[in-house]
Structures are given as structure tokens and as C-alpha cells.
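Colleague: One structure coming up, written as C-alpha cells, with questions to follow.
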Amino acid sequence: MRKALRGFLSLAVLIGTVSATGASVGAASAADATAIRSAGADRSADATADIKDRILAIPGMSLIEEKPYAGYRYFVLNYTQPIDHRNPSKGTFQQRITLLHKDTSRPTVFYTSGYNVSTNPSRSEPTRIVDGNQVSLEYRFFTPSRPAPADWSKLDIWQAASDQHRVFTALKQIYSENWLSTGGSKGGMTATYFERFYPKDMDGVVAYVAPNDVVNKEDSAYDRFFENVGTKECRDRLQGVQREALIRRDPLEKKYKEYAETNGYTFNTVGSLDKAYEAVVMDYVWAYWQYSLLADCDTIPADAKTAPDQAIWDSIDNISGFSAYADQGLNTYTPYYYQAGTQLGSPDIKQPWLGNLSRYGYQPPRNFVPSSIPMKFQPSAMRDVDTWVKHNATRMMWVYGENDPWGAERFHLGKGAQDSYIYTVAGGNHGSKVAGLAADEQAKATADILRWAGVAPAAVQSDPAKAKPLAPYDARLDKRDVTSERRQGPALRP
């Protein structure tokens, strides 16, 4: 049960400025930052006070729970945020935050997945590398961090970046050492957008497997990717299973109907069981390469034409998940599909090996958002970010997986970029990390992260090849099981 707020954040705190073209790009004014620091100072004891008391002295911050973890303090918190950062008088909502506290003398990593926040202790890779604190933020409009009533027009990348900016500004008074932002997939996109709109906040950015769909209607890069990924043998196996799932639509949809009735699944948002079935099947090849490795191809039926219906069903379900496009599977991800259909863009691949078997093609995000929520695509949003990155990226790093389809459209650096890098993990999927890079690249990337965080040991400063994470591996804190994500929602999401 959430506890009552310890204090209200003044609604007068407004951040950001709006450019002449309508894109908000500013940082908080000096007066705004001073207001937050002063308010916190008035309610907090000196730096020797208990860290929980110092955190809860921040106006608008309240405690949901504290969970014990050896070597850390771990807090699940709520923070009062304006629904609209341009017009804070329009109301507020509670945004969940978790804080893995190591020591205020250590650097802090600002993490977001771009989705819900986990309330169990964990560390992102940069947090382990720098042996620091970690602040994790739930993305606005993912429940329970959703305004009520929900004005969906306030779900955009600038509003979300402004959420991060206010959290950073509030916590910087306590965690005064260097800050890095990070995230994987949509979280990597989020870290990039945060830097674009508030480039003075962070000392470095580490973005993992972050798609960059600059021109939403031009997706040929994905088609080229699927023509060459992995081996022909593996591609043939996957394509064969996908074809059979559409050829055997009648018997498998009968099974799907029984499955849905047993589990209480409905299909009001997508429109019909048939549309949901095909959406799952159309995701199959993409989802395989997103979550699996080439070595896993032995688990795919070698001769789909002679495989029994159950084998086809099991393979599709294990990789794409038949619950994905039921209302119950889509509800959690409504904010993602809304953003995909308004700013982020979404893939539309041809999959020519299916011939005329598909009835609907790759369905657009509009099909996965309740019709009561209005959507209009803004083609300038990603072009703006892409242009900014090429000309202004400073102390930014992107890590991609060679066999991850989301990396087919990625960020690129231009002449204006400084101290910024792009890496690719050989054979890597959507879970690719710095630790998967070739030894020399891994050391260079680790050394840069340590340098940006201000904690590079003297030996690393003189020889980056000696760089390694400062904190030992912790199986509970550091394990990210990317394969489990396919069971948590629609496969085709970053």
C-alpha cells in the first residue's frame, strides 16, 4: 500500500523551453533548480542524516517501501510530477522511482527501461562498471504511473525527458558526483532523447540496442537484414514454420480459440481472433532473432511441412507468445504502441517468403491501441533527434547486437559528434552488452564509462586495456534474462 506523501512539490516548478519550431529543448532555469535545492535544504538535516530521511525531505517524494539488500539501501518511491511540464498547474500524477543506494560519494546511474519499473533490486551494466548508485524511473503512462484521467497527448518524448530532468535535479543535491544515463531498447531510446533535450544534465550516456526509425515509411533496412541474418539453413527453418502456421490457419485457430476461452482472453482492441492470430505469427521470425541466438536454431522444426500441428503451435507460442495480442496482453503496452504510432515509428517488413498467405500484413500500432484513444503521427520527432545526435552527441555510446533486427535502423554519428562511439556485438541479440564485445572494444568502452563517471583508476587512465567493472558480479543484481521478455507481452516491441 502506498504511503501518504511527505510533502507536495510546488506546482510553480516548470522546466524546459519551447523553440520557435515547437520542439521543447531547454533545461530547467537556474531559478527552478534553486527552488528545488532550497526546498530540500529547508526540510533536510545535514549530510550526516540517514539517507532515507534526506531523500524523503525532497518535496513531492514519498516512500512506498524499503527492501533490504546487502551492501545497499533499496527504496521504492513515488514522486509528484506535473502531468504537463509546460503547464504544471494542470495537475500532477505519482511516478514510481526505485533507488539502489550505494554511497553518496559514488557516481549515480539513471536507468529506465522505457516501460514499467521493477520493484526488485537490480543493477544495469554501467552501475556495476562504476560501482555506483542507481535511480530507476518508470516511464509515464505505464501503470501505476499514469495520470487520471489520462490525457494521452501528454505522452511524448519531451514530457518523458522532462520527468527525468526533474528527478535528476531533485536528487543531484544528494548525489552530487557524476551521473550517467542508460537503458536498453526503448530505454536506450529514452536515454538518447533525455540527452537531446537536456544535454547538460548527464556526464555520459550508455544506450543499448536502441532503434532509430528516422523515416517511418522507409523500412527497407529491415528487409535487407532478414535476407542475410544468421545462416540460410536457420532462415529456411524459421520461414517454413511461419508459412505452415498460416497454411494451417483453420486447425490452429481452432486451438487458439480453445486456448483463449480457457484463459479468458478477448480480442476487442485488435478486432478479432483471426487478426490476433496472424499478428502473433507475423512476429515469429522477428521475435526469434530478437531474443534467440543462431545456436538456438536446432530447436526449430527442421521440416515444417511434415511437423505435426502441435509442433508448429509450440514453436510459435514459445517465440512469439499466443497471448500477446489479446486485450490482456496488449493492455500493459498501450503506452508503447501509442508512442510507436505518434512519434517513435514502427517496422513494416515484407516477408516475401509468405507469398499471399497473410491477410493483414504487418499491422500498424493503431490496431493495438483502443480506438477511444486518438493518435496522429508526428514525422518530425525522430528526424529532430537523429539530426541532433549526428551534430551534437558528446560522451555518448550505443551498443547493438549483430543479429538483432532492431539494430537494422540505428543511430549514426556525424562530424559534430565528440567522444562518442557505436559498438556491435558479434552474433548478439537484443540483450547485447559491453561485456559481449571483443576484448579490445570491451576494454575501451569500459574505460570510457569509468572516465565519464569520474572513477577511472590511474591504471586505466594510463592504459584503457586494463579497464574492468569496479563491482564484482552479483547473480541476483546483474542478471537480465532477455529470453523471458518474450512471455511478458507482444514480441514486436523494443
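The values are calculated or read from the model by the stated rules, or taken from the named source; none is laboratory data. A quick note: this is a predicted structure, and the numbers were derived from the prediction, not measured. Virtual Cβ from ideal backbone geometry, glycine too; neighbours counted across all protein chains shown. Surface accessibility is based on the protein's heavy atoms, side chains included, excluding ligands, DNA and RNA. Shrake-Rupley method; radii C 1.70, N 1.55, O 1.52, S 1.80 Å.
Colleague: Could you work out Rg/(2.2 N^0.38 Å) for segment 306-439, with Rg from alpha carbons only?
Modeller: Segment 306-439 yields a ratio of 1.32.
Colleague: Taking amide H positions as placed in the peptide plane 1.01 Å from N, state which residues far from PHE93 in sequence (5 or more) or on other chains have amide H under 5 Å from it.
Modeller: Excluding prolines and chain starts, which carry no amide H, the hits are GLN81, ILE83.
Colleague: Measure of size requested: the Rg and Dmax of segment 261-365, with Cα atoms as the atom set and Å as the unit; please supply both.
Modeller: Gyration radius and largest Cα-Cα distance of segment 261-365: 14.6, 43 Å.
Colleague: Could you pull out every one of the lysines with an alpha carbon less than 21 Å from that of LYS90, ignoring same-chain neighbours closer than 8 positions?
Modeller: Here the lysines satisfying the reach criterion relative to LYS90 are LYS154.
Colleague: Working from the pairwise distances between different alpha carbons, so that the mean of 1/r is found and then inverted, what is segment 304-379's Kirkwood radius in Å?
Modeller: For segment 304-379, the Kirkwood estimate is 14.6 Å.
Colleague: In units of 2.2 N^0.38 Å, what is the alpha-carbon radius of gyration of segment 77-226?
Modeller: That works out to 1.07 for segment 77-226.
Colleague: Moving to a separate point now. Against the longest alpha carbon principal axis of the chain, how many degrees, from 0 to 90 and to the nearest 10, is the axis of helix 439-453 turned?
Modeller: 40 degrees
Colleague: For segment 303-418, give the magnitude of the charge dipole about the Cα centre (Cβ charges: +1 Lys/Arg, -1 Asp/Glu; no others), in debye to the nearest 20.
Modeller: Taking the Cα centre of segment 303-418 as origin, the dipole is about 640 debye.
Colleague: So, one more: Would you mind checking the radius of gyration and Dmax of segment 62-147 based on alpha-carbon positions, in Å?
Modeller: Calculated on Cα positions, Rg and Dmax stand at 13.7, 42 Å.
Colleague: Next question. Kindly give Rg over Rh for segment 180-309, based on alpha-carbon atoms, with the Kirkwood expression for the hydrodynamic radius.
Modeller: 1.08
Colleague: Amide H of VAL425: which non-local residues (sequence gap of 5 or more, or other chain) have their own amide H closer than 5 Å, using H built in the peptide plane?
Modeller: So VAL425 has HN proximity to TYR400, GLY401, GLU402.
Colleague: What are the extents of the Cα atoms of the chain along their three principal axes, in Å, largest first?
Modeller: Each principal axis gives a Cα extent; for the chain these are 72, 54, 48 Å.
Colleague: When the helix-only estimate is applied to the chain (DSSP H runs of n ≥ 4, each -39,500 (n - 2.57), divided by the residue count), what is the mean residue ellipticity at 222 nm, nearest 500 deg cm²/dmol?
Modeller: So the helix-based figure for the chain works out to -10000 deg cm²/dmol.
Colleague: Let me ask something additional. Percent relative contact order of the chain, based on C-alpha pairs within less than 8 angstrom and at least six residues apart?
Modeller: Relative contact order of the chain: 16 percent.
Colleague: Quick check: the angle from helix 380-392's long axis to the longest principal axis of the chain, C-alpha only, nearest 10 degrees?
Modeller: The helix 380-392 is inclined about 60 degrees to the chain.
Colleague: Quick one: dipole size for the chain, taken about the Cα centre, charges +1 on Lys/Arg Cβ and -1 on Asp/Glu Cβ, in debye to the nearest 20.
Modeller: The calculated dipole for the chain is roughly 1000 debye.
Colleague: Please enumerate, by chain and number, the lysines with C-alpha under 25 Å from the C-alpha of LYS232, excluding those fewer than 8 residues away in the same chain.
Modeller: LYS305, LYS350
Colleague: Stokes-Einstein D for segment 119-180 at 10 °C, 1.306 mPa s, Kirkwood Rh over Cα pairs, in µm²/s?
Modeller: For the chosen part, D equals 117 µm²/s.
Colleague: Hey, another quick one. Considering only protein heavy atoms, what per residue accessible area in square angstrom results for the chain with a 1.4 angstrom probe?
Modeller: Per-residue accessible area for the chain comes out at 40 Å².
Colleague: Report, to the nearest 10°, how far helix 273-282 tilts away from the longest principal axis of the Cα atoms in the chain, using its own Cα long axis and a range of 0 to 90°.
Modeller: It is inclined by approximately 80 degrees.
Colleague: Let me ask something else. Ignoring ligands, DNA and RNA, what percent of the 1.4 Å accessible area of the chain is carbon and sulfur?
Modeller: 50 percent
Colleague: For a quick check of understanding: with a 1.4 angstrom probe and all protein chains in place, what accessible area in square angstrom does VAL215 have, to the nearest ten?
Modeller: Spelled out: VAL215, probe radius 1.4 Å, area about 80 Å².
Colleague: Another question about this same structure. So what's the projected area for segment 226-296, the Cα convex hull averaged over all directions, in nm²?
Modeller: 5.6 nm²
Colleague: When the scattering of segment 395-461 is computed by the Debye formula from its Cα atoms alone, each counted once and equally, what is log10 I(q)/I(0) at q = 0.29 Å⁻¹?
Modeller: -1.23
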